[in-house]
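This report concerns only the one structure given below.
The values are calculated or read from the model by the stated rules, or taken from the named source; none is laboratory data. The shown structure was predicted, so the numbers you read here are calculated from the model rather than taken from an experiment. With ideal geometry, Cβ positions are generated from the backbone for all residues, glycine too; neighbour counts draw on all protein chains shown. Ligands, DNA and RNA are excluded from the accessible area calculation, which covers all protein heavy atoms including side chains. Shrake-Rupley method; radii C 1.70, N 1.55, O 1.52, S 1.80 Å.
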Amino acid sequence: MSDTVTLANLMISKLCHDIAAPMGAMGLGLEMLFDNTQKQKFDQETKDLIMGSLDSFKTRLRIFRALFSTEFDGPSFNIVKDILVSLGPAHKLQINTQSIPSGAPCKILLGLTYMSTEALVRGGTITIDYLDGSDSDIQIMAEGSIAWLRPEYVETLGDNPHSSDDQTPRTILPYYLRLLASDINKKIVYTPVNPNKFYLVVS
């Protein structure tokens, strides 16, 4: 199987995996809503579950739509910034960058920030800054009670990743981001500070 086909298959698997959770939660909420014996008890809880899951579903679809955009100069920083601020109340996001180039740099920023929210399993703060005054090199700091990037993500982002044939739906996103970075002559460096804080630098 060609690298292109393998990459496409794994991307689709990753998309399906990430939207399955909010879809399943919405299904559970609807079951609770129509369960007359528990409707009164769970009415507000059910509403919150459905609406929260719907928001998560829509945000994840927007993330993947932007990540896989086929537009030559898309997505723009404004689009990515709008998506990032909708990642959820559990993550306090501070964006100190005024703009970065459209296209691959914005996709990399979006993908790494999305991965960072997953690493902050109990919520936390994500801060995005320029690196050393550059308008294209960026630094993402993630901090929380637990800030842990999966080891397979770290390995895939490193200098010697395996080929696309060795990737899985779990590792395909960091692999894709590494390819994007390589195309614009950048590297992604992961630096853990302690169990509560890490940096991702694109330069």
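Please label the shape of the range 57-140 as rounded, prolate or oblate, based on the square roots a ≥ b ≥ c of the eigenvalues of the alpha-carbon gyration tensor (a/c under 1.5 means rounded; beyond that, a/b larger than b/c means prolate, else oblate).
On the way: a/c = 2.04, a/b = 1.12, b/c = 1.82.
Oblate, since a/c reaches 1.5 and b/c is not below a/b.
Please compute the per residue accessible area over the range 102-203 with all protein chains in place, 1.4 Å probe, rounded to a whole number of Å².
Averaged over the residues of the range 102-203, the accessible area is 44 Å².
Per-residue counts of other Cβ atoms within 10 Å, averaged by peptide: what ranking do you get for 174-180, 186-192, highest first?
On the way: 174-180: 21.3, 186-192: 15.7.
Highest mean packing first, the order is 174-180, 186-192.
How would you order 112-125, 92-105 from highest to lowest mean count of nearby Cβ atoms within 10 Å?
Top to bottom by mean Cβ count within 10 Å: 112-125, 92-105.
Counting residues in the range 55-203 as N, plug N into 2.2 N^0.38 Å and put the Cα Rg over that result.
On the way: Rg = 14.2 Å, N = 149, 2.2 N^0.38 = 14.7 Å.
After normalising by residue count via 2.2 N^0.38 Å, the value is 0.96.
Any idea how far apart VAL193 and ASP132 come out in nm if each label point goes 7 Å out from Cα toward Cβ?
About 1.9 nm separates the two model spin labels.
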